[in-house]
Amino acid sequence: MADLRNVGRCDIVGFEDPGVYISLNNDNEIFGPPILGVSNFGYECGGWRLGRRVRFLVDVTGDGRTDIVGFGENNVVIGRNNSDGTFSPGKPAINNFCYSAGGWRIETNPRFVADLTGDGRLLTALVGRTVGWSRNTLDSSPISRVISAATLLDSERQEPVLPSTTPWASQVGGK
């Protein structure tokens, strides 16, 4: 469920064989009939498998409407919201953090999409045998880094820390 049209009501979103189906909330707890929102991100249409590919519903552009972020076989793919509850087919954004590109596995490499810096831009955070992130620059040129998890431990406190060499890490760490 997600507010696809930025109207303050959650719509139903389902990932099916032919793609993503949506059922718009028409108010009064009544939903419209399911319609195909995009012919991608589905089992048959796009080859999306739960055991290999992760999908998130998040606002990537900051316009208040939910987009699709999918960690595919070789690329992180973004399907932008078309303002009417449907989505663009999806555009590769990052060639990493995926099953084949980078060797990321669902069972050992959880992925999260959140605004960690408070600047309104989503950050893809990845945790596992390595730690990585990709910062949303809003201009289709994301900044990505992958480092060994061992380099992120504070030796005194044994707590994970982000390296201060990134322009936004000091904001996250409060320093």
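The values are calculated or read from the model by the stated rules, or taken from the named source; none is laboratory data. Since the structure is predicted, the reported quantities are computational estimates derived from the model, not experimental observations. Neighbour counts run over all protein chains shown; Cβ positions are idealised from the backbone, glycine included. Accessible surface is based on the protein model in full, side chains and every heavy atom, while ligands, DNA and RNA are left aside. Shrake-Rupley method; radii C 1.70, N 1.55, O 1.52, S 1.80 Å.
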Just to be sure, is ASN75 surrounded by 15 or more Cβ atoms within 10 Å (Cβ to Cβ) and closer than 18 Å to PHE112 by Cα? yes
The correct count of residues that are among the charged types (D, E, K, R) and closer than 19 Å to GLY8 by Cα in the range 46-79 is 4
Scanning the range 78-98 for residues that are open to solvent by less than 50 Å² (accessible area, probe 1.4 Å) and among the hydroxyl-bearing types (Ser, Thr, Tyr), the one farthest from the chain's Cα centre (by Cα) turns out to be THR86
Going through the range 71-84 in order, the residues found to be over 23 Å from ASN25 (Cβ atoms) and part of a strand (DSSP E or B) are PHE71, VAL76, VAL77, ILE78
